[in-house]
Amino acid sequence: MKYDYDLIVIGGGAAGLVAATGAAVLGAKTALIEKNKLGGDCTWYGCVPSKSLLKSAQVVSLVKRLKEFGISAGTQNTYDSSFVMPHVRDAIKKISTHHPAEVFEKRGIKVLFGSPKFIDQNTIEFSAKGGSASGGEVCAPLKEN
């Protein structure tokens with residue numbers, strides 16, 4: 001049986017992006033299906049935002065401890081929390097710009113946005129604004145995001 005793709009990767013998070021890129025580099029005809037935005041939970045909701053928040057908290061903590069390090073600053077250091085969330089959003093934006101769909105398309109990966117449905121062990125139905133795909137091997141997350 002002839003398939004449309006050698007590999008269909010489900011999920012455009014860190015693992016999915018690496019799997020799709022690796023397969024394409026090795027010459028496999030590859031598709032990547034993502035239901036939301038490339039980058040996955042780590043970029044949009046997990047690692048990047050949480051580490052950005054932690055960094056803000058660390059800076060506040062260090063400023064409060066300046067005297068312990070022999071550093072004297074102004075008589076009154078202030079903290080304005082309204083700057084924290086813009087800092088978090090900026091961190092997400094910087095990271096997310098590294099993986100637009102066009103980058104992966106240039107690597108020979110067909111990027112599809114929508115929801116996949118398994119028809120059988122070798123066929124995936126893809127639903128989006130018109131379009132479907134089927135393929136051979138499937139690389140999918142262990143649990144739904």
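Points to keep in mind about this one:
- Long-range HN-HN contacts of Lys110 with modeled amide H, under 5 Å: Thr30, Ala31, Leu32
- With distances taken between every two different alpha-carbon atoms, the range 43-96 has a Kirkwood hydrodynamic radius of 12.4 Å.
- Burial ranking of peptide ranges 81-87, 109-115 (average Cβ count within 10 Å, highest at the top): 109-115, 81-87
- The chain: angle of helix 14-25 to the longest principal axis, Cα-based, in degrees nearest 10: 50 degrees
- Whole-percent pair-distance distribution, where bins are 10 Å wide, for the alpha carbons of the chain: 11, 32, 23, 14, 11, 7, 3, 0
- Summary of packing: across the peptides 56-68, 91-103, 24-36, 7-19, the per-residue average of other C-beta atoms within 10 Å ranks them, highest first, as 7-19, 24-36, 91-103, 56-68.
Throughout, read-outs are computed from the coordinates displayed, never taken from laboratory work. All figures in this text were calculated on a predicted structure; none of them were measured in a lab. No Cβ is skipped: glycine too gets one built from the backbone with ideal geometry, and neighbour counts run over all protein chains shown.
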